[in-house]
Each structure stands twice: as C-alpha cells, then as structure tokens.
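This report refers to the structure that appears directly beneath it.
Each value in this text was obtained by applying a stated rule to the coordinates, not by laboratory testing. Remember, it's a predicted structure, so these values are computed and weren't measured experimentally. With ideal geometry, Cβ positions are generated from the backbone for all residues, glycine too; neighbour counts draw on all protein chains shown.
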Amino acid sequence: MAKIIFEINYNIYPEKRSDYLKTIGELKHNILSTSENEYSVFENKKAKNNFSEIFVFENEEKFDAMEDDQSEESMMLTQKLFDDFIVDRKVSYSTKYEVL
C-alpha cells in the first residue's frame, strides 16, 4: 500500500517563538508516544517562523484514523497552537500519496 504524507504549514508570531517551540515540543512528544506514525516539525530556512508539521502514514487507513486516534492532550495542544501562536489562525494543508 502507498504511504501518505500530510503536511500542515503556518507562520507563528515572532514574539511568541520560544513559547511556540515549547508547546510544539510537547505536542511532538505526545504524538510520538501515542502513535505509530512518523511525525516531525520543520522550519523554513528562508522564511523564519514558518513551520511545517509532517506526518507520514503507512497507508490510507492510518491516515483516515488520524483524528480519531489523537489523544486528548494532543487535541488540547493543537488548539493552543491555533489560539496562541499561528498568525491569523491561517494554516495550509497538503496531502501527498506515494506513487512508487
């Protein structure tokens, strides 16, 4: 079965960077400790404070189950990201399916 990459991209308020890094670190720890999926956070080298969260799922079934499988702590931390750190709460999403 084909793997799926799910990317969430956004900008954060520069003055809240250190608190964002703490919160996203907590989220990453929680996701990796409660999920079998790969998860990483990247910053755009050419656009400071532009971040991407990258999930890699082994198949479409695991991708479809992503929201249902989230822990309550992960949901609370994700909501905190939107409420406190993401500029204008604007987020872009991208889903990519493995072809080979």
For segment 1-12, which residues satisfy the criterion of being touching a helix residue (DSSP H, G or I) at 6+ places or on another chain (Cβ under 6 Å) and either farther than 10 Å from F51 by Cβ or outside any strand (DSSP E or B) (or both)?
I4
Find all pairs meeting these conditions: Cβ atoms under 8 angstrom apart; at least six residues apart or on different chains; first residue within segment 73-93 and more than 14 Å from I24 (Cβ to Cβ) and without any contact (Cβ under 8 Å) to a residue 24 or more places away in the chain; second residue aromatic (F, W, Y) and in a helix (DSSP H, G or I).
R89/F82
Answer from L21, L100, L27 - the residue that is outside any strand (DSSP E or B), of a type in the set (A, V, I, L, M, F, W, C) and in contact (Cβ under 8 Å) with a residue 24 or more places away in the chain
L27
So which residues in segment 38-90 are of a type in the set (S, T, N, Q) and either assigned to a helix (DSSP H, G or I) or loosely packed, with under 14 Cβ neighbours inside 10 Å (or both), if there are any at all?
S40, N44, N59, S71, S74, T78, Q79
